[in-house]
1. Quick one: in segment 234-244, which of the residues that are closer than 24 Å to residue 65 by Cα and touching a residue at least 40 places away in the same chain (Cβ under 8 Å) is surrounded by the fewest Cβ atoms within 10 Å (Cβ to Cβ)?
2. Could you check residue 176 against (1) at pLDDT below 95; (2) over 20 Å from the mean Cα position of the chain (by Cα); (3) within 20 Å of residue 95 (Cβ to Cβ) and say which number it fails?
3. Based on what the data block shows, is residue 137 part of a helix (DSSP H, G or I), closer than 21 Å to residue 97 by Cα, touching an Asp or Glu at 6+ places or on another chain (Cβ under 9 Å) and free of Cβ contacts under 8 Å to residues at least 60 places away in the same chain?
4. Of 235, 242, 246, 186, which residue is in contact with a Leu (Cβ under 7 Å, 6 or more places away or on another chain) and closer than 23 Å to residue 110 by Cβ?
5. Any idea which residue in segment 266-320 is most open to solvent (accessible area, probe 1.4 Å), counting only those that are part of a loop (DSSP other than H, G, I, E, B) and among the polar types (S, T, N, Q)?
6. What residue, of 204, 142, is closer than 22 Å to residue 308 by Cα, open to solvent by 30 Å² or more (accessible area, probe 1.4 Å), among the charged types (D, E, K, R) and in contact with a strand residue (DSSP E or B) (Cβ under 8 Å, 6 or more places away or on another chain)?
7. What's the number of the only condition in (1) more than 18 Å from residue 289 (Cα to Cα); (2) of a type in the set (A, V, I, L, M, F, W, C); (3) in contact with a His (Cβ under 9 Å, 6 or more places away or on another chain) that residue 246 fails to meet?
8. Looking at the structure I just gave you, is residue 115 in a loop (DSSP other than H, G, I, E, B) and either of a type outside the set (A, V, I, L, M) or in contact with a His (Cβ under 6 Å, 6 or more places away or on another chain) (or both)?
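The values are calculated or read from the model by the stated rules, or taken from the named source; none is laboratory data. Everything numeric here is computed off the predicted structure, so don't read it as measured data. Don't worry about glycine lacking a Cβ; one is built from the backbone with ideal geometry, like all the others, and counts go over all protein chains shown. Surface accessibility is based on the protein's heavy atoms, side chains included, excluding ligands, DNA and RNA. Shrake-Rupley method; radii C 1.70, N 1.55, O 1.52, S 1.80 Å.
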Amino acid sequence: MSNSPEIIKLQALLGDYPNTAPLKKGEVRSPSVVLDFADVKTPNHAFKRVVRDLEFDVAELAIATYLTAKAHGKPLVLLPVVVRGKFQHESIVYNAGRGPLAPSDLAGRRVGIRSHSVTTVAWVRGILQEEYGVKPSQIEWRSGGLEEPGRHGNYPLNLPGDVRLEPIPKDRALSDMFEKGELPALISARAPSCFDRRAPHIRRLFPDYRTVEKAYYAKTRLFPIMHMLAVRRSLAEAHPWLPSSLFKAFLQAKQRCLSQLNDQAALRVSVPWIMADVEESIALMGEDFWRYGFCENLPELERITRWTYEQGLSLKQFKP
């Protein structure tokens, strides 16, 4: 095969994020790959098209969804490009109508989740168990649509025998049940509407979640991975240079993004103290606080591959 790869055009699924914007805007280009981005506003709603229909050549994909799909034999390979990362303590909200709630108080209570296989829920379950001593088997899990009835996971699960998971009624949504106190707590990457409109008694389990999440990182050095980059295996095998070319392009886009964050003359995010946030992130996590690369993300990959297996999301335990 020639050392100079041919130029190929790929169908791509990718959300609008600061670290990928230079690619989508054409400010960063690969010399060997042209990405044709699908017009999809919410990529996670298209994950079924990624893993079941194999509709895209390159796609953003939640890490837990990828591991579940891989265990079912889906021909996708993963690149160490962290499209989305997110600390998870802020994802837990509770109804304070019956008084305050501590993390340990979740044991024995019903907790709403959109799906058992959602990446945010996988991270939160692991954190609750390892940091607060609350095992998944101690919680009564209730799954369903966050705002709309009838939404459930795409893959059958192999749950441990002591885990209790039941769907909510088909005509109900989690946010409504949560606001009415039928579910004491809720775990969701996206805050429920009742929280957004400041409904009475709806609060975060960790009010000062930023301090808690910083302490979690200082202790574990883990920045939870949400979405990474998947490529159809047939393409990676037909074009062995392709994964490296894609990685380099996404890395260049991220580096451009981070350099723009330091441009005080033209702020890229309309937040008054964004520079203070950047400086604080660097002080805690280092200059490369949004890490790409295999070794750079190995601790997170080891943790999430173990947890997805232990929690019954993946039929196999993979090693990164």
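1. Kept after step one, since they are closer than 24 Å to residue 65 by Cα, are these residues of segment 234-244: 234-237, 242-244.
Among the residues that remain, those that are also touching a residue at least 40 places away in the same chain (Cβ under 8 Å) are: 234-236, 242-243.
Working: 234: 13, 235: 17, 236: 18, 242: 24, 243: 18.
Across segment 234-244, the extreme among qualifying residues is 234.
2. Failing condition for residue 176: (1).
3. No.
4. On the way: 235 fails: closer than 23 Å to residue 110 by Cβ; 242 fails: closer than 23 Å to residue 110 by Cβ; 246 fails: closer than 23 Å to residue 110 by Cβ.
Exactly one of 235, 242, 246, 186 is in contact with a Leu (Cβ under 7 Å, 6 or more places away or on another chain) and closer than 23 Å to residue 110 by Cβ, namely 186.
5. Pass one, segment 266-320, residues part of a loop (DSSP other than H, G, I, E, B): 266-273, 286-294, 311-320.
Those left that are additionally among the polar types (S, T, N, Q): 270, 311, 314, 317.
Numbers: 270: 127, 311: 15, 314: 4, 317: 99 Å².
Among those that are part of a loop (DSSP other than H, G, I, E, B) and among the polar types (S, T, N, Q), it is 270.
6. Just a single option satisfies the conditions, and that option is 142.
7. All conditions pass for residue 246, except number (3).
8. On the way: in a loop (DSSP other than H, G, I, E, B): yes; either of a type outside the set (A, V, I, L, M) or in contact with a His (Cβ under 6 Å, 6 or more places away or on another chain) (or both): yes.
Against the criterion (in a loop (DSSP other than H, G, I, E, B) and either of a type outside the set (A, V, I, L, M) or in contact with a His (Cβ under 6 Å, 6 or more places away or on another chain) (or both)), residue 115 qualifies.
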